[in-house]
Structures are given as C-alpha cells and as structure tokens.
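Shown next, in structure tokens, is the structure this report addresses.
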Amino acid sequence: MTGAAVSMARHSTFTSVIRVAGDIVSRPSGAIGLFLVVVHLLLAIISPYIAPFDYRDLDPLKMLQQPGPVHWLGNDHLGRDVFSRTLLGGREALLVTGIATPVAVLWGGFTGIFLGLAGGRLDEILMRIVDAFLSLPWILKMLVLIVTFGTGVGVLIPTLAFFYGIPVIRIARAATHDVVARDFVEAARARGHGKLSIIWHELFPNVRDALLVEGAMRWSWMLLAFSSLSFLGFGVSPPTPDWGLMIADARGFMSFAPWGVLGPVIALSSLIIGINLTADALAKALGIDRAQKAPI
Amino acid sequence: MSSSRPESANSQTAPLVAIKDLSIGFTGKKGTTLAVLRNIDLQIYAGESVGLVGESGSGKSTLALAAMGYLKRGLRVLNGQACFREDDMFTQTRDQLEQVRGGHIALIPQNSGQSLTPTRRIGRQVAEALRLHSSLPAVQHSSRVVELLEQVRLPDPLTLVNRYPHELSGGQQQRVAIAMALAGEPSVLLLDEPTTGLDVTTQAHILELLSELARQSGMAMVYVSHDLGAIARVCDSVAVMYAGEIVLQGSARQILLDPIHPYARGLLASIPRLKDATLPRALDGRPPAPGETGNACAFAERCALAKPRCTSERPPLQSLASGEAVRCHFYAEAKNLALAGDKQRSARILADTGDATLELKEITISYAKPGLMDQVLGRKPSSTPTVDDINFRLLQGETLGLVGESGSGKSTILKSIAGLLSPLSGDIIWQNEDALPASVEKRSPQQLRRVQIIFQNPDESLNPRQTVAEILAQPLVLYFGLKGAALKARTVELLDRVRLAGHYMDRLPSQLSGGEKQRVAVARAFAAEPDLVLCDEVTSALDVSVQAAVLDLLDDLRRQSHTSYVFVSHDLAVVRALSDRVAVLYQGRLCEIGPAQSVYTHPSHPYTDVLLGAVLEPDPDTTPTLIADDVLELSPPDRGCAFQRRCPMSLGEQCNTQTPPWQHSENGHAIRCHLPLFNTSPLKH
C-alpha cells in the first residue's frame, strides 16, 4: 500500500478508535468496566512505588492480625501485609495474560481466517483436531504441558497462548465464512490477488471487530486460568505475591481470619468484572452481538 | 370469493380507506422530528386499483403499511389519520386491529414466496390463514383451501396441498401467498412489490391474475411498486411519491403517457424501453433525506424547471379540472420536458474482421459434484450439465448481451470466463490465441488484467471496510505497481472518469448512494485498463433513475476505451439499450443469437418470442402476450430441445428427442430450433 492510502487508513483508524472509546464510556456499564480495567493496569505499574510495606517482610508477632490503621487489610499467616501483597498481586497475572492474550488471538485468528478462506480437506482435518482439543478439560491439557516443561513465566505464556488460541480459530473461521461468500472477495480472486493479500485487505478488516471482542473475553478467562494454576501451585512460586497463591495460602484460616482471602478475591473479581463489562460495551460499540459473534 | 359483497353496492359514496393529511416521522439523532411521510391524502374505493409509485426511500411502503395501522419501529404519527371505514386505525385497540388486519385488509409482502414456512405443506399453511381470518367452520377448511388454490390458477390443487414450498416455482409460491391473502375475503388487498424478483414471464402472469381477481371480487387493490411497467398493467389510478410526498396523482393513462410533474416525467424518461432508439436519460442528483427539504419543493434541487419560488415555498397539492392533483408551482411548463432521452443508442453491427476478443468453444459447465461412490469409481456425475454447448465470438469493442430468466446460466457463463468457475469441458480462446487457463490461479497477471468483472450489487462487491481510495488501489497496485503521488493521481483520474469528485477518495462505501457505489465498482474494473468487462446484472440493484446514469456511463466508457462487454441481464430493455448483439439463453443452452436490432424486431426462436411478449412496458396501450406457462423447471431435459416442455410451437416427438440444429441467416442471426428461421411464429405481435 502507498503513503497516501496508508495515511488515510491511519487517520480513519485513529478517529474510529476515538469514536469506539467514546461509545464505550457513554454506556454506564462500559464506563464502570473501563474504569476498573484502567485502575488495575495503573496499579500494576505503580504498585512497587506506592505499596506501604515490602511484600517479603515477615513479622511473626503480627501473624493473622486483624485489619487496622497500620495494616489496612490485616496480615497473613506469616505476618506479611495483605494490602501491599494485594496491590502487587496482579502484576504477574497481568504480565503473563497481557502477552499471552494478543498472541493467542493473533495465531488463532490468522489460522481461523486462513482455514475459512482455504476450506477443503485441510480445513476439514484441522477443525476435527480443534474439536478434539476442545473436548478435553483445559486443566488437564495445561497440567500435562506444565508437568512436562515445568512452571515459570517462560512456560506459562506460550502454554496459555497456545490453548487459548484454539477456540479463537473457531470464532475467526466462522466470521470469515460470512465474509468469504461476499462478492468483494470473489472480485479480489478474479483480479488474481494471492491468499495472503485477500486475507490482509479483504478479510481481516471485516473480522477484526469480532476478534477484538473475542480477545477481551479470552483475556478474562485467561486471568482466571492463571489464578487457578497459581492456586493449585503450578503458577507463580512463592514468595512472589499473586492473588491465586494468596487465596490458596489464606484458605486454611478463612474461618477465623477471612481478611487474608478478602483482598485478593476482591481484586481478582473486580478485574474480571471490569474486563467483561468492557468487552460487552465494546461489542455493542462495534455493532457485534456477542450472542452471534459475527461481524455485521 | 363472492362478487356480491355489501360494500361494493355503495362503493362510490364512501371510501374504504381514507388517509387524511397523514404525516409520519421519527426522532432524529439531534432530537429533531424528521418526517418520512408528509401530508398524505389518499382515498381508496371498493373495486379500485391504486398504484403507489416511487423510488427506494420515497415512503411508498410506509404509506401502504400505515393503511393497516402498522408503523415500522421508531416511527410515529405526527399528524392526520389513516381510516378504514371511518375508524382511525391508529386509535384502534390491538383486538380491533387484529380483526381488520388479514380479514378486511390483507397484505402480500415483497418476496412473499420466501415468507412461506419451508417445512410445512402448502395445504396446512393456507388452512392456517383460513383458521385465523375466515368465519368458515373448520370442517370446510380443506375444501376451501383447494378452492382458493384453484382461484389463483395453480395447476392440480389436490396434489399441490401436499407439496412443500421448495417444490414450487417462484411464481407458484407467489400464487400461494396470494391465496393465503384471499383466505379472509378481504375488501382491500395491499401488495408490496408483488412481482419484484420474479422472472418476466412469471410477472406478467401474476399481474394478469391479480387484475382479474380484482375485477371478479370488487376488491380494492393497492400496488406498491417501483416498476411503472407493472403499474401500467394493473392500476386505474396512480400516485407518484417523492421524498415522502405525493407529488402527482391521476389516472394511470394520464400519468404514464403525459405526466405533468417534472419528477414523473424524469422518471419515465429514465426507463429503458424496447422500442426506443435512444438511451434512457438519468435524473441527476439524489432525493433529499428526511428533514432536509424544509420549506422548499422536495424536487427543486434536481428539477430542470426550478425557479427561486421553488426553494422558498413548498408547493401545495393542487387539484386540477382534468382530475389530476399535482404538487408543483409550474406544472403547466412541465409538458415541455422530454419524455425520452436524446442520446442515440450506439448499437452497431461490427464487421467480423477476424480479430475476436474472446471466443467460447463448446463450453459445458456443471455444478454437480461427484458423490463418494463416483469418486471411488472415478466416474463423472451423470446428470445433465447446467450449461451446455455454449459457442460465441465476441469482437473487439463489441457488446454482447446475454439474456434469460433466472437459472438460465447467464452468471455461470460469466464466472467461467472470469476464471472463477472451471468448465467441465470446452475452451475459452483469447484474441485468437491459445485457450485461457480455466482457473484464476493458472492465469498470468496480464491475462487477469484484461478481463474484469462488475458485480450486481455494489453493497456486496465493495469491501465495507475500505475507503474508495483503498478499493481503487487494489488493481492499480496489483497490475501497475503504482505508488504515492502517481497512485493518487490515477485514483482521481479514475473517479473523474466515472463522474465522481476527488474528495470521494476518503469515503467508505456506506457513505455513498447506491449509484455512486456502483460507479466506484465500475471505476475499479476500468482501473485495470481491461479489454473485456463482464457486467453481471450491474443495474438490477439500482433505482431506475440511477440505472440510466450507470448505463450512460458504461456506454461512454466503451466509446472512449474500445472495451468489449459481455452484458448479462434479465431485463430485456436494459440489454437492448447497450448491446450490439444479443444471445438468448434458456436452461443453460443458447436459443438465439444475433444483432440486437434483428433479434428484437424479428425474434425467431419461440422462447425469445415468449420473453419479449412478456415484457412489461410503462405504456397502458401495450399488453403483454402470455404464451408459455410459468412452470418450475429444475433441470434441463436429457434429450432434444431445452425449451420443449414450455414451447407453444412444439412439433412433439422431433423436439423432444432431437437436439435442434443451428440455423443461420446472412446477417449473423441464428437460432437453434427445428422450425425454419424467421418463420417460427404465428403469434407475432
């Protein structure tokens, strides 16, 4: 594409991003959702500078101490400050899912669009493999890989990206099928454009919105998956603060020291709710009905 | 249906439907009220057939639905009433409305054939209409169903009740929908584009049936249509709508022969006709959006007669002594406006010097895919091919029109020329050289560049996410590798050739009108500097006035660049306007081919005769000749002539068993028929 066309495309992309953001904020649910997400992202960046205590500070005298004016959310079973650990507890999760989600959407999306365009036997075979994958419980698949390759960010990011890209294939393929049947794709074929050119110029712009909304949804599910893995002990290793891990640690004392669970639970659920609300508002702003998951 | 209905006795005294100063509108984005119908007055008496004519967006369907007290979502009544026998439909309760709708006022919606439930048998669907809208006891329903199906002249109603909708032809489905509307013995029948989307021969039959039903039963009929040809067949009086107003009202003859409103005259001039020697003339500009007119005449911007008064004072609807009513300050001058275009049609007979652009040799195409067993055994599918034995030559700069009804294989042939569909056998020869590879993937960039295709509906053929500049950049970058300033300059030049200003570059297709979109599609095809442009029903998704502009544009582009066209259309008058030669297709087989002039004045194949006879012209003095029945032909016959089942001139055994030979005349006119050339028809009109 040329300079003129690119600058025009950029201009229209920029204005449409502004328009969509404005539309999201104009809906109460969207405004609340976006607010929650933005606050969480900001905290993840600045929490090391604002956390009142070091997350590693052990203090046996303050074991399971109630919330008070110094330790706002009390202390955990090792006497660490729950508030500081909650502030810091989302960083790993947001880092891992923040990288894994776009990777999942990109590879799943591209594969889905390609299969939707190509069709035929390759499509048939790969989709049956996808079906087989989707029929297995996610935790089982995940644990097999983690047990084989070990834990840690270097394993978790590709693992999550791989497994969460698979359902995206279906979405992208279905959205592509709606577009492929239209005459402008036929026109591009008749002109002699290659498959990649057709994907990039004709299909992707029409599937993009569906993928954006799908990506937002995948993000919230991936956060839950990541926290679940931490909860089970396969995610972040102690003493790094992490919501899933904190809930796992504090679970045993829930009956008499519920504050240990309260902080990470509120943090995790407010982030998930925020993402879900934003995704819903985004779908409406883009004119996509999430029930149909197809671009207009 | 009995002819002795109580209301037909006092028909002329009180109207059945009286629309009084009705305005309907919606609340716009900025909170202002925008009107889609403005001050409509309309009376419909028993036994009368009224046509509501206008282009898309003129409010004609909204008005027809308002007569039933129905408003589309978001619309509300701003002023006035829509009365059925004195009762304002908009003040009725739900129960009262349900009494009237279906029972007293029945609606036949557009594409009603498709609104039949595909999984229920015809008999049960018609019986359901009876259960809802008829007072007959349930035991009589099944016999009444058969009566109704007979009344709409469906063949063999007793077996038909057990059929499913997909087993019927489009025309038969439409007849079933009419039968269902008749179930409640309504006194008013509203028909929303009743024949749009049907084949020409079917259209003529349906309209004939409807006008006879009206005569027999004394029902009042309201036809909503963009097609003045259909209106001319069935209506006594006509109301022409423009931008939510009735601009002209009068008898069908007055309005079709010599209308006194500038818009109506422009509309008539934009319709291509079989006998015209000129191209239809386009109406420039576009109708105003709701709320755009304010205190001016809605048509002022596009009107050739517009004077300062037209933009400052909205003309009232004036009733004239002649019985017409017109909304124009200067209606007396309107008669000076021409009723036909002034640009001569450029159809030529080109001398065959031997340099053909394209030659099709024995092209056969089949959609049938080999089944699993066939694949295993390596057999070819046994069914008769969809398109068979197509041969024609296209000279350089020549336009060949391909006409035929739906399913005749017109578009299929185009797709195979474009390489989108591989023929089963046969060759596509390019400029007397070697055969073109069958599929796009195997053609060279130069071969691809020379053949371009324009599709039917620009909403489908333009990517909604690309700006006009990006759309035009596709072929320019692909074939010529243009970049930067050169690309931009070429884009502006192309837009100029299709008469669009340069600032359209940044628009998305959704920001263009239908005609503008199709012009962008034309520009995209010509961006490749092609030798051959394939036009697939390029005007059928457009309004008539816009259609004329696109035809004119294609004609100009052909003169400038000596491009050859293959022009596919179901509309014989449109094909006539542009083609040098015409080929008539039936069931994927060529019936007749020859110079346009000769084929249209001396149609020699019985099918061409049937087709031309059924064309609806916007002229109350021509009547279509209905010869062959409209029956569903799912597949062409195995042996003999393709037209054998419907041919009014069939010779029997010979036609059914022997493939007819080609017969040529000296002027290049040829038919494929057992009957002698130019001597086929005692039915000549």
Just how far, in whole angstrom, is the stretch B:273-349 from the stretch B:462-521 if you go by their alpha carbon centroids?
31
In Å, what Rg and Dmax follow from the Cα atoms of the stretch B:6-235?
17.9, 58
Using just the helices of chain B, give the 222 nm mean residue ellipticity in deg cm²/dmol: DSSP H runs with n ≥ 4 each add -39,500 (n - 2.57), and the total is spread over all residues, rounded to 500.
-9000 deg cm²/dmol
Would you kindly calculate the mean projected area, averaged across all directions, of the convex hull enclosing the Cα atoms of the stretch A:194-296, in square nanometres?
9.1
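Roughly how crowded by other chains is peptide A:174-186, in terms of the mean Cβ count from those chains within 10 Å of each of its Cβ atoms?
Values: counts 0, 0, 0, 0, 0, 3, 0, 1, 8, 13, 15, 3, 7.
What the average comes to for A:174-186 is 4.
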Which one of B:L554, B:S513, B:C591 is farthest out on the positive end of the charge dipole of the protein assembly as shown, using unit charges on Cβ (Lys, Arg +1; Asp, Glu -1) and the Cα centre as origin?
B:S513
Holding the Cα-Cα limit at 23 Å, pick out from A:K284/B:K30; B:K20/B:K60; A:K284/B:K517; B:K20/B:K335; B:K60/B:K275; B:K307/B:K335 the pairs that are longer than that.
A:K284/B:K517; B:K20/B:K335; B:K60/B:K275
Among B:F643, A:F162, what is the fewest-to-most ranking by other Cβ atoms within 10 Å?
A:F162, B:F643
About the Cα centre, charge dipole magnitude for chain B (Lys/Arg +1, Asp/Glu -1 at Cβ), debye
1340
Out of residues 5 or more away from B:N79 or on other chains, whose amide H comes under 5 Å of its own, with H placed 1.01 Å from N in the peptide plane?
B:S23
Please report, in debye to the nearest 20, how large the charge dipole of the stretch B:539-619 is about its Cα centre when each Lys and Arg carries +1 at its beta carbon and each Asp and Glu carries -1 there.
340
Relative contact order of the stretch A:12-285, please, whole-number percent, based on alpha carbon pairs below 8 angstrom and at least 6 residues apart.
28
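If the viscosity is 0.692 mPa s and the temperature 37 °C, what translational diffusion coefficient in µm²/s does Stokes-Einstein give for chain B when Rh comes from Kirkwood over Cα pairs?
Details: Rh = 27.2 Å.
After rounding, the answer is 121 µm²/s.
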Please check which bits of the stretch A:61-77 a label hung off A:F256 would reach, taking the label as a point 7 Å along Cα-to-C-beta and the cut-off as backbone N under 19 Å.
A:61-68, A:74-77
Give the cross-link partners of B:K442 among the aspartates and glutamates, using a straight C-alpha distance below 17 Å as the criterion and excluding same-chain residues fewer than 8 apart.
A:E186, B:D427, B:E433, B:D434
Residue mean of other protein chain beta carbons inside 10 Å, B:468-477:
5
Can you put B:K60, B:K275 in order, fewest other beta carbons within 10 Å first?
B:K275, B:K60
On average, how many beta carbons from a partner chain sit within 10 Å of the beta carbon of a residue in B:484-493?
2
When you have a sec, figure out the Kirkwood radius of the protein assembly as shown from all distinct Cα pair distances and drop it here in Å to one decimal?
32.8
Along each principal axis of its Cα atoms, how long is the stretch B:263-343 end to end? Whole angstroms, biggest number first, please.
39, 32, 20
Using a 10 Å cut-off around each Cβ, can you sort B:V544, A:V261 from fewest to most neighbouring Cβ atoms?
A:V261, B:V544
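Stretch B:E212-B:K343 to full length: gain in nm at 0.36 nm per residue minus the Cα-Cα span?
43.3 nm
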Show me the three semi-axes of the equivalent ellipsoid for chain A, from the C-alpha gyration tensor (sqrt of 5 times each eigenvalue), largest first, rounded to whole Å.
42, 23, 15
Expressed as a percent, the portion of alpha-carbon pairs in the stretch B:483-558 spaced more than 14 Å apart is 61
Describe numerically, in nm with one decimal, the distance between label points set 7 Å from Cα along Cα→Cβ at B:N79 and at B:F480.
5.4
For the stretch B:137-228, with equal point scatterers placed on the C-alpha atoms only and solvent neglected, what are the log10 I(q)/I(0) values from the Debye formula at q = 0.21, 0.24 1/Å, to two decimals?
-1.13, -1.39
Go ahead and run the numbers for FRET between A:Y49 and B:K29, Cβ-Cβ distance against an R0 of 30 Å, rounding to 0.05.
0.10
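Rule-based calculations on the coordinates, nothing more; no lab input. No experiment lies behind these values; they were computed from the predicted model shown. Neighbour counts are summed over all protein chains in view; Cβ atoms, including those assigned to glycine, are modelled from backbone coordinates with ideal geometry.
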